[in-house]
Structures are given as C-alpha cells and as structure tokens.
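Q: Please see the structure below; I have some questions.
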Amino acid sequence: YQEKMLLLRNGFDFENTSIHHHSSRIKKTRTLGTVFRFVEVKRPLLWLNVASKVNEMMEEPVRFQMVGDGPMLETAISHAKSLGLEDLVEFSGYRDDVNDILPTFDAFLLTSAIEGLPNVLIEAQSKGVPVISTNAGGAKETFIEGTTGLLVDSSNPDDIAKAVCEVLKNQAFRESSTSSGVQFVHDRYSVETMHKQLHNILLEELK
C-alpha cells in the first residue's frame, strides 16, 4: 500500500533564526565542525580520521570543532592525539548555545552509520552552513545534493575527505549554499510547511 502512504515531515521553528555566517573571505582559517553525541553509531573516530585526511589535503589551514559529549568522548580525544591533531581539534563538550556556534562553521560534517532524520543537518543549513554527510537513514532527504550539501556513499576516510575539501575549497559553492540552504529548509521543514501538509492530509487526501 505504498501508494496510499502520506508523508508529514518534521516542523522546525525558524522564526528566531538569524545568520551571522563568518565568511571565509574575512578569515584565513577554514572551520569544519560537527554536533553529535559521542557514541559508536555517530562514528567520532571516523570523523577524526577524515579530519586528518582533510588536514593533509588542504593548502589553507583548517581547524576542527566537535560539539557534544558521550561515552566515547575521551576515546576520541585520545584518537585525535594519536593522529597528531591535538592542536587542531577543539572538543567543546556539551553546549547549550549550538545555534551560535553553527554559523562559525564553513562546513558541517556528519559521519553517522545509522540515522533517522538527522535534524542537525537541517539546523546547520538554517544557519547558512553547507553540509557533508554519509548516506545514513534520511540524511539525503535533508539537503539538496550538489547545491546545499554533498552526500558520500562511502565510509572510506579518503572519499569523505575529498567531499569535504571540495566544499572547503569552493568559496562560490559555500556562498551560494548559504542562501539556498536557508531557503530549502524553510520551504521544506518549517512549522508553517508542516501545518500546510497536515491540513492537506486531513482535509484533502483523507476525503
């Protein structure tokens, strides 16, 4: 009965969303960031392996910021040291000001093995940040491939790092994705859009 199934997407309150994106035009160091709980399915060690590859591939300096806590945090910190990244990776721990941190990223990377619908990819785009994600769960539904983000069908650090570098090196893409990403998530995931979808389902589709 797939043809009879109706879809109601998540609704986000973007009313107080403001973008103060720190453009790479006015800073020399790119920032690759993420926000997640340090657990196995989020693959924080893979994230750091990608960061190490990105650091090797980029000619410009790159800093890395990982926001969140969890049982694998100390393991991740040790892994960063083993990769020689201790001076390049900022482990911010749990933060309640993520909305202020997101706009400081030049790109957002998610390396999950399992996801439902990763809200954080939507939130990053609402702040004007392009996203790169592994193909986990509904990740590919949250952005426009090649326009507001890149999807990587691989768990190989080299493959993911290439996609990250493609975004970090392409200033035109980052600038265009800022407005495109904001527009996309507002059109698809705003509370207003959810209300319209629900209205259509209840009053039109179910007649």
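The values are calculated or read from the model by the stated rules, or taken from the named source; none is laboratory data. Here the structure is a predicted model, which means the values were calculated and not measured. Glycine also receives a Cβ, built like all others from the backbone with ideal geometry; neighbour counts cover every protein chain displayed. In case anyone asks, the SASA skips ligands and DNA or RNA and just uses the protein heavy atoms, side chains included. Shrake-Rupley method; radii C 1.70, N 1.55, O 1.52, S 1.80 Å.
Rundown of residues vs (1) open to solvent by less than 10 Å² (accessible area, probe 1.4 Å); (2) part of a helix (DSSP H, G or I); (3) within 24 Å of Asp13 (Cα to Cα), yes/no style:
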| residue | (1), (2), (3) |
| --- | --- |
| Glu86 | no, no, no |
| Ser92 | no, no, no |
| Leu102 | yes, yes, yes |
| Leu109 | yes, no, yes |
| Ile114 | no, no, no |
| Leu121 | yes, yes, yes |
| Gln125 | yes, yes, yes |
| Ser133 | yes, no, yes |
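Q: Here is a further query. May I ask you to list the residues in region 116-138 that are in contact with a Ser or Thr (Cβ under 9 Å, 6 or more places away or on another chain), more than 20 Å from Gln65 (Cβ to Cβ) and free of Cβ contacts under 8 Å to residues at least 40 places away in the same chain?
A: Asn135, Ala136, Gly137
Q: Hey, could you check region 153-162 for residues that are open to solvent by 10 Å² or more (accessible area, probe 1.4 Å) and outside any loop (DSSP other than H, G, I, E, B) and say which is nearest to Thr178 (Cα to Cα)?
A: Restricting attention to region 153-162, the residues satisfying the condition of being open to solvent by 10 Å² or more (accessible area, probe 1.4 Å) are 153-159, 162.
Imposing the further condition that a residue be outside any loop (DSSP other than H, G, I, E, B) reduces the set to 157-159, 162.
Values: Pro157: 26, Asp158: 26, Asp159: 24, Lys162: 20 Å.
My answer is Lys162.
Q: Starting from residues that are of a type outside the set (Gly, Ala, Ser) and open to solvent by less than 40 Å² (accessible area, probe 1.4 Å), keep the ones in region 135-147 and report whichever is farthest from Asn10 (Cα to Cα).
A: So the residue we want is Phe143.
Q: Next question, about the same structure. Which number in (1) buried (at least 17 other Cβ atoms within 10 Å of the Cβ); (2) within 21 Å of the chain's Cα centre (by Cα); (3) outside any strand (DSSP E or B) marks the one condition that His79 misses?
A: (2)
Q: In the set Val164, Val152, which member is touching a Lys or Arg at 6+ places or on another chain (Cβ under 9 Å), of a type in the set (A, V, I, L, M) and free of Cβ contacts under 8 Å to residues at least 24 places away in the same chain?
A: Unique residue meeting the criteria: Val152.
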